[in-house]
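Computed from the coordinates by the stated procedures, all read-outs in this text should not be read as laboratory data. As the structure is a computational prediction, the values presented were derived from the model and not from experiment. Note that each Cβ is placed from the backbone with ideal geometry, even for glycine, and that neighbours are counted across all protein chains shown.
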Amino acid sequence: NEKTGTLTLIDPARDAVVGEIGAGTKPRGMAVSADGRRLYVSDQPNSALLIVDLQKRAIESKVDLGESPEGVSISPDGKWVAAAVEVSNSIAFVDTTTGKVAFHVKTQGKNPEHAVFSPDGRWVYVSAEDADTVDVIDVGKREQVASVKVGNRPRGIAFTPDGKRAYVACELANTVYAIDATRHAVLASIPAGNFSNGVTMRPDGARVFVSNGRDASVSVIDTGTNAIVATVKVGNRPWNMAITPDGAKRYVANGRSNSVS
């Protein structure tokens, strides 16, 4: 919750709020460790990554990232947290063992928004808002190795479980781009709703869900055909989303309704 500087905890069995955690001034991106013990949260005004102990429901430590950190993701092996840092146009890689920044990778694109690991941990795909590109970082080499041109103002990114494709929502283009993650090239462009931004993948890879900020809706894309097969109305200004491991339920944060659908 950006304006209150808090995290709301929801019990998915009951779909009820069960707690709240203080999280800096303006929490933005989030990623949970595989064991569910820690939550990594970017605190944008304080230029920090907050490491939250979910058992104690308290901030454990803080890591300086640089000015205006945004999207956060964790590598499949749990070793790295990648955070997009807007002002320095770089991705900070935090070692989860030491709780410190191990290295930064500069991106060619300006204003990185999201930094998302591929399922095998080899790549980090970065949406560069002001460059209309998805920049590709080779984690092993610790450098950018490719750039994929997409539509205006790319935002959320999600990979298929096999890592062969990535889907990125471009907010001002109202379009989702399917990217071949082997060749780092666009495979298809899919018209979405107004101000498409958040993206989540169903665990089986059969569906991609895209939140449409100005339409108060979520588009459902069939990854087999790259066509929209349904549209679901939600609250106002839907943004980032999460899906349960069994794929049965998806949670959508509605920025201007102060709610979760």
If you average the alpha carbon positions of region 123-200 and of region 73-116, how far apart do those two centres end up, in angstrom? 16
Gyration tensor over alpha-carbon atoms, region 180-261, equivalent ellipsoid semi-axes in Å: 22, 15, 11
At a threshold of 8 angstrom on Cα-Cα distance, excluding pairs fewer than six apart, so keeping six or more, what relative contact order does region 88-149 reach in percent? 24
Given Cα pairs under 8 Å that are at least 6 residues apart, what percent is the relative contact order of region 19-134? 17
By a straight-distance test (C-alpha under 29 Å), which lysines pair with Lys26 as possible cross-link partners, with residues fewer than eight away in the same chain excluded? Lys3, Lys56, Lys62, Lys79, Lys100, Lys106, Lys110, Lys233, Lys249
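I'd like to compare 228-236, 165-173, 247-255: which one has the highest average count of other Cβ atoms within 10 Å, and what's the full order after that?
165-173, 247-255, 228-236
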Using eta = 0.890 mPa s and T = 25 °C, Stokes-Einstein with Kirkwood Rh from Cα pairs puts D for the chain, in µm² s⁻¹, at 135
Under a plain spin-label model, where a point goes 7 Å from the Cα along Cα-to-Cβ, how far apart in nm are Lys233 and Lys56? 4.6
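Quick one: grab the alpha carbon gyration tensor of region 74-132, order the square roots of its eigenvalues as a ≥ b ≥ c, and give me rounded if a/c is under 1.5, else prolate or oblate depending on whether a/b is larger than b/c.
It comes out oblate by the Cα gyration axes.
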Using 0.36 nm per residue, how much length does the chain from Thr225 to Arg142 gain when fully extended, once their Cα-Cα distance is taken away? 26.4 nm
Using alpha-carbon pairs under 8 Å, 6+ residues apart, how would you state the relative contact order of the chain in percent? 8
State whether region 38-180 is rounded, prolate or oblate according to the following rule on the C-alpha gyration tensor (a ≥ b ≥ c being the square roots of its eigenvalues): a/c under 1.5 gives rounded; otherwise a/b larger than b/c gives prolate, and the remaining case gives oblate. prolate
